[in-house]
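Student: Before I ask anything, here is the structure I am working with.
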Amino acid sequence: MSIFGNAGSPPRGRVRVGDSAPDFALPTGDGRTVRLSDYRGKQNVVLYFYPKDNTPGCTTEACAFRDAYEVFKEAGAEVIGVSSDPPASHRDFAQRYRLPFILLSDSDGAVRRLYGVPRTFGLLPGRVTYVIDRQGVVRHIFSSQFAPQKHIEEALAVLRRLDQEG
């Protein structure tokens with residue numbers, strides 16, 4: 001079992017490759033509560049933090065995850081997006097762009113801080129993707145505010161390597 005290294009500019013947060021991903025419980029746009037631990041032992045998770053619903057970069061990223069969603073599912077992974085937007089904003093964003101994956105509301109930024117997602121230029125909430133394996137171990141971290149589509153490529157490459165490991 002190998003541990004994949006960071007790519008892009010790794011965040012200087014608490015969570016590192018090889019760490020157990022911290023559990024959390026956050027609301028969805030339809031009022032459900034999702035816990036990361038719900039997936040442990042069942043499927044890989046691509047957990048991506050993004051700045052804000054309906055902004056150009058975030059819409060590009062969400063639509064790229066949408067367009068590759070079936071590939072993620074075939075790779076045994078669930079995609080989960082997290083921002084500080086309220087649940088109603090996530091519901092509208094998901095409906096507007098036909099997003100098939102989960103969007104969670106981290107309204108107070110507690111999960112973002114728990115994972116150590118940095119701010120860009122000290123102002124914008126960061127854009128960071130974590131690939132978490134079935135056992136709940138962080139296998140890859142990719143941070144890039146200005147290359148939103150690269151997050152999808154990075155995550156899929158890691159999932160393919162995990163699949164080859166068996």
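Student: For THR55, indicate whether it is of a type in the set (Ser, Thr, Tyr), within 29 Å of ARG160 (Cα to Cα) and surrounded by fewer than 19 Cβ atoms within 10 Å (Cβ to Cβ). Explain how you work it out, then say what you get.
Tutor: Details: of a type in the set (Ser, Thr, Tyr): yes; within 29 Å of ARG160 (Cα to Cα): no; surrounded by fewer than 19 Cβ atoms within 10 Å (Cβ to Cβ): yes.
Criteria not met by THR55.
Student: Do we find that ALA88 is modelled with pLDDT of 95 or more, part of a helix (DSSP H, G or I) and buried (at least 17 other Cβ atoms within 10 Å of the Cβ) in this structure? Even if it seems obvious, please write down each step before you answer.
Tutor: Numbers: modelled with pLDDT of 95 or more: yes; part of a helix (DSSP H, G or I): yes; buried (at least 17 other Cβ atoms within 10 Å of the Cβ): no.
No, not satisfied.
Student: If you don't mind, another one. Can you name the residue in the stretch 139-163 that is assigned to a helix (DSSP H, G or I) and of a type in the set (Lys, Arg) and, of all such residues, is surrounded by the fewest Cβ atoms within 10 Å (Cβ to Cβ)? Spell out the reasoning first.
Tutor: Filtering the stretch 139-163 for residues assigned to a helix (DSSP H, G or I) gives 150-163.
In the following step, the residues that additionally are of a type in the set (Lys, Arg) were identified as 150, 160-161.
Working: LYS150: 17, ARG160: 11, ARG161: 14.
Per the criteria, the residue is ARG160.
Student: Suppose we filter ARG160, ARG134, ARG139 for residues that are among the charged types (D, E, K, R), in contact with a Lys or Arg (Cβ under 7 Å, 6 or more places away or on another chain) and over 26 Å from ASP85 (Cβ atoms); which single one remains? Please lay out each step first, then the result.
Tutor: On the way: ARG160 fails: in contact with a Lys or Arg (Cβ under 7 Å, 6 or more places away or on another chain); ARG139 fails: in contact with a Lys or Arg (Cβ under 7 Å, 6 or more places away or on another chain).
Just a single option satisfies the conditions, and that option is ARG134.
Student: GLU78 versus (1) part of a helix (DSSP H, G or I); (2) under 13 Å from the mean Cα position of the chain (by Cα); (3) surrounded by fewer than 22 Cβ atoms within 10 Å (Cβ to Cβ): which is the lone unmet condition?
Tutor: (1)
Student: Which numbered condition in (1) modelled with pLDDT of 95 or more; (2) over 24 Å from SER20 (Cβ atoms); (3) out of contact with any helix residue (DSSP H, G or I) (no Cβ under 6 Å at 6 or more places or on another chain); (4) not polar (S, T, N, Q) is the only one that ASP53 fails?
Tutor: ASP53 satisfies all of (1) modelled with pLDDT of 95 or more; (2) over 24 Å from SER20 (Cβ atoms); (3) out of contact with any helix residue (DSSP H, G or I) (no Cβ under 6 Å at 6 or more places or on another chain); (4) not polar (S, T, N, Q) except (3).
Student: So which residues in the stretch 100-126 are in a loop (DSSP other than H, G, I, E, B), of a type in the set (D, E, K, R) and surrounded by 14 or more Cβ atoms within 10 Å (Cβ to Cβ)? Step through it out loud before you land on a result.
Tutor: Residues of the stretch 100-126 in a loop (DSSP other than H, G, I, E, B): 100-101, 106-109, 116-118, 121-123, 126.
Still in the running and of a type in the set (D, E, K, R): 106, 108.
Result: ASP106, single match.
Student: Condition first: more than 13 Å from the chain's Cα centre (by Cα) and either surrounded by 23 or more Cβ atoms within 10 Å (Cβ to Cβ) or not basic (Lys, Arg) (or both). Now tell me which residues in the stretch 128-138 satisfy that.
Tutor: Of the residues in the stretch 128-138, the ones more than 13 Å from the chain's Cα centre (by Cα) are 134-137.
GLN135, GLY136, VAL137, listed by residue number.
The values are calculated or read from the model by the stated rules, or taken from the named source; none is laboratory data. Worth saying up front: this structure is predicted, and the values here are computed from it rather than measured. With ideal geometry, Cβ positions are generated from the backbone for all residues, glycine too; neighbour counts draw on all protein chains shown.
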